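The structure appears below as structure tokens.
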Amino acid sequence: MFQFILVFTKCEDATSLSQVKVCQTAAGSHVLSFQSEDANRKYQKMLTPTARKEVDRLLSSFVQQPMNASEPPAKIPKAPVKDGMSAMEASLACNPDTVPDCALLHDKLSLMWGEFKDKVDELTMIMMKNEYEFNELKTNLNNQLEMLKAAKARLNQLLGEARANLAADNEELKQKYQQKEELDIQYMKFMAACKKRINWIFYQDMCAIKIVRNAVMENSTQCPTSTMTDCDVGAWVPEECSVSCDDSCDPAMPYKCGGWQEMKREIVVPNDDCGVKCPRLSLYKRCGQYHCPINCDMSAWSGWSKCTAECGGGLQSHTRSILTKPKNGGMACNTVEESRPCATMSCDRNCFLAKWTKWTPCSMACDGGFKEKFRHVAIPTRGFGKCPSSGSRFRYAKASCNEQRCTGDEVCVANQDLIIAIDGSGSIREAGFAILKNFVETLLKRYETMYWGGQAVKIGIVLFGNGVIMPDGKSVSPAILSSPLTFDKESVMTTVKDLPFKKGFTNMAQAFSAAETAFIQGSRRGSQSAVLVVTDGKPSFNFMTNEMVEQLDDKAVQRYFLLVNEEDLSAASNKLMKSWASQPWETNLVHVPGGLTLLESDQDMWADKALVKFCPNAYSPSDAAFEEVSYGYAHIKDGGFCDEVAGKVEELTMLSDSVQDAEQCAALVSGAGGQSFALGVMWARGKCYKGNMLVDQTQWDEWQKSRVDPPCPSGWRSTTLYDFYAMKPLSEEK
């Protein structure tokens, strides 16, 4: 409903609404009446009792009464009744002189819409977060399922191999049993015949012959039995078989395969002429009458699997497959899976801290500020590990800085990329917007884009408060990047002067988005990125703005606020601004409690307050002039030196490599009779070189006049590690 009203109350000019009137019902409540009857019907259909009360409350506070306050209010005439009008429409009294401020009404309606939109956005964010966490959990569980599926597949493969091996072994065992049965039958038959033959030889053939012979020869004079010696031989000794095995053997015909093996025996007792001669000493028999053995053949090991635990001890395994099963007595297979321990370290891990960051820019330009440095967590804790708190001395350091007294003439010369976001919303009003522009112009006069011959502040301008509903009916118009980051201060001043009053609602989130875009396009490496918001502190969409603030905070973008309103700092809207400012907010927020009137009354004072808090490095010309007279030297240029002889700093005369500041270096140069010197910064900090340049009164006076871009007669020698200083001529002291 509010979205619908915002579309129809969009300002065409600064004074009136072209599509809507404010009317009063017979009950005294205020309502909006659109010129379009279709719009009226749609509007009435959208109104709920709660929304009707909110609209009445809003319109009652914004209706302007042009008549004199001392005169009694005129009775509002009722509009003539037309055919087809409803009773509600006929009872409305619309005063043509009762005209709300278009810009203010549009902005206030956006605040009401913003309250509901924030709740919707917050709920949407919660839903998206829950969806993200659900998807993360789903992905995690799916990954676990994939691991289990892989393990299951691997085990199924092993099970399949085992089953195949078991089936093959059973089949082979069956065949072996059949072969054994056949061989047993053949063996029994053959051994029975063999035994019968042996018994015949031993007990009938040989024994009978020897008994008859001994009986016949017992009384012989030539070969008596007592002197007769028979041949006696040893056991058979087999030689190597001609083949080790034969795969062509048929168990049914075992004697038709294999090789031949020679059997030999030796004579133990030789026979005499009367004894039995020796039998043959060698014979051949079949051998190798079995299939050749097949050894097990296995594949190479797979890679090690992922450890089953990240800590506390787990297992990882690798596997291999059986390519060829062992047969015929071949070498058996080894194990197909091996495991080893992994991740045996403790699950309790302390956090690991990164190196110290650089010191942050000073929080105040003068009158004492502070700077900070941090150690962020690089690797978080695990289990019951320990980690220092973010505010402990192991992770946070704080030091004072810029303790010099403020003089009121400071100019900002910081290495800073600054985006100034100016509020041009309807709640500011056109006259108030002019005051804000004048203040920004006054503030910009105190910022220097070039100083000491080097780059200082780079400035850009963003105009917001142009919020309207885009044609899609959902999105909000983007803020306007009126001037990208630039060193051309005159161009920036002209841009500010020509800024139009937009009369929209306060789209501060889009202002931060535009600032982020400007930093991406033109920020410098090593410079502080900062956004200065000049506003009355009434953003339309708090949730969206808070999201953008978090994005800027993640990118280390400093956030400054100049609040111009009559509310106390403890008010809800101002508390929100304090939470969005960089912390601590006390050094990053300036509140003008009297609103636009107080800001207009003394813009120089408020510009001074803003500069002191929002500029990390300010320079006071009056203090500098006093110090130059007192100490006898002046800072001339950053990142370079002026010398007619030396082309590099190292060609100058080094006086020390451990000075603390420019004052100590100046004392050394004065003692050495020098008139200029180069002082190291960054990695060369502490080094002090005496220059060869002679500084006369004319050159000194010229440098005093040209602080922004000082001249060098012989041309500046550029260097990032040294700044150039000049000693005050002695003639001036006399």
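Summary of computed values
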item: Selection status of CYS292, surrounded by 15 or more Cβ atoms within 10 Å (Cβ to Cβ), farther than 30 Å from LYS176 by Cα and out of contact with any strand residue (DSSP E or B) (no Cβ under 7 Å at 6 or more places or on another chain); result: no
item: Residue selected from the stretch 417-439 under the condition under 17 Å from ALA515 (Cα atoms) and among the aliphatic types (A, V, I, L, M), by the criterion farthest from the chain's Cα centre (by Cα); result: ILE422
item: Residue identified as at pLDDT below 90 and either of a type in the set (Ser, Thr, Tyr) or closer than 11 Å to GLY424 by Cα (or both) among GLY526, GLY504, GLY537; result: GLY504
item: Elements of type helices (runs of 4 or more DSSP H) contained in the stretch 470-582, each with 1 or more residues being in contact (Cβ under 8 Å) with a residue 60 or more places away in the chain and within 26 Å of the chain's Cα centre (by Cα); result: 508-522, 542-554
item: Residue list for the stretch 672-705, filter: in a helix (DSSP H, G or I) and either over 52 Å from the mean Cα position of the chain (by Cα) or over 25 Å from PRO621 (Cα atoms) (or both); result: TRP683, ALA684, GLN697, THR698, GLN699, TRP700, ASP701
item: All positions within the stretch 563-573 that are surrounded by fewer than 20 Cβ atoms within 10 Å (Cβ to Cβ) and in contact with a strand residue (DSSP E or B) (Cβ under 8 Å, 6 or more places away or on another chain); result: LEU569
item: Of all residues in the stretch 220-268 being among the β-branched types (Val, Ile, Thr) and assigned to a loop (DSSP other than H, G, I, E, B), the one that is modelled with the highest pLDDT; result: VAL243
item: Members of the stretch 588-611 found to be outside any loop (DSSP other than H, G, I, E, B) and within 16 Å of GLN528 (Cα to Cα), listed by number; result: LEU611
item: Test: residue in the stretch 692-699 that is at pLDDT 90 or above and among the acidic types (Asp, Glu); result: no
item: LEU137 being part of a helix (DSSP H, G or I) and without any contact (Cβ under 8 Å) to a residue 24 or more places away in the chain; result: yes
item: Given (1) within 39 Å of the chain's Cα centre (by Cα); (2) not in a loop (DSSP other than H, G, I, E, B), index of the condition PRO616 fails; result: (2)
item: Any pair with Cβ under 9 angstrom, 6 or more apart, that starts in the stretch 311-335 at a residue that is within 16 Å of CYS292 (Cβ to Cβ) and ends at one that is surrounded by fewer than 12 Cβ atoms within 10 Å (Cβ to Cβ) and hydrophobic (A, V, I, L, M, F, W, C); result: PRO326/ALA332
item: Which listed residue is over 26 Å from THR449 (Cβ atoms) and assigned to a loop (DSSP other than H, G, I, E, B), from VAL708, VAL645, VAL629, VAL669; result: VAL645
item: Within the stretch 604-660, considering residues that are within 30 Å of LEU589 (Cα to Cα), touching a residue at least 40 places away in the same chain (Cβ under 8 Å) and of a type in the set (A, V, I, L, M), the one surrounded by the most Cβ atoms within 10 Å (Cβ to Cβ); result: ALA618
item: Test result for GLY330, at pLDDT below 90, touching a Gly at 6+ places or on another chain (Cβ under 6 Å) and under 30 Å from TYR187 (Cα atoms); result: no
item: Residue match in the stretch 701-711 (condition: without any contact (Cβ under 8 Å) to a residue 12 or more places away in the chain, in contact with a Pro (Cβ under 9 Å, 6 or more places away or on another chain) and of a type outside the set (Phe, Trp, Tyr)); result: yes
item: Residue match in the stretch 125-140 (condition: at pLDDT below 80, of a type in the set (S, T, N, Q) and not assigned by TED's automatic domain parsing to the domain that holds GLU310); result: no
item: Those residues of the stretch 230-256 which are small (Gly, Ala, Ser) and surrounded by 11 or more Cβ atoms within 10 Å (Cβ to Cβ), in sequence order; result: GLY234, SER242, SER244
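Listed here are the residues, each with its yes/no results for (1) assigned to a loop (DSSP other than H, G, I, E, B); (2) loosely packed, with under 15 Cβ neighbours inside 10 Å.
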| residue | (1), (2) |
| --- | --- |
| ALA332 | yes, yes |
| ARG340 | no, yes |
| THR344 | yes, yes |
| CYS347 | yes, yes |
| LYS358 | yes, yes |
| PHE384 | yes, yes |
| PRO388 | yes, no |
| GLY391 | yes, yes |
| SER400 | no, yes |
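Conditions tested, residue by residue: (1) more than 17 Å from ASN588 (Cα to Cα); (2) without any contact (Cβ under 8 Å) to a residue 24 or more places away in the chain; (3) not assigned by TED's automatic domain parsing to the domain that holds SER477.
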{"residue": "ARG375", "(1), (2), (3)": "yes, yes, yes"}
{"residue": "SER390", "(1), (2), (3)": "yes, yes, yes"}
{"residue": "ASN415", "(1), (2), (3)": "yes, no, no"}
{"residue": "ILE420", "(1), (2), (3)": "no, no, no"}
{"residue": "PHE433", "(1), (2), (3)": "yes, no, no"}
{"residue": "PHE439", "(1), (2), (3)": "yes, no, no"}
{"residue": "ARG446", "(1), (2), (3)": "yes, no, no"}
{"residue": "TYR451", "(1), (2), (3)": "yes, no, no"}
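The values are calculated or read from the model by the stated rules, or taken from the named source; none is laboratory data. Fair warning: this is a prediction, and the values are worked out from it, not measured in the lab. Note: ideal-geometry Cβ built from the backbone for every residue, glycine included; neighbour counts use all protein chains shown.
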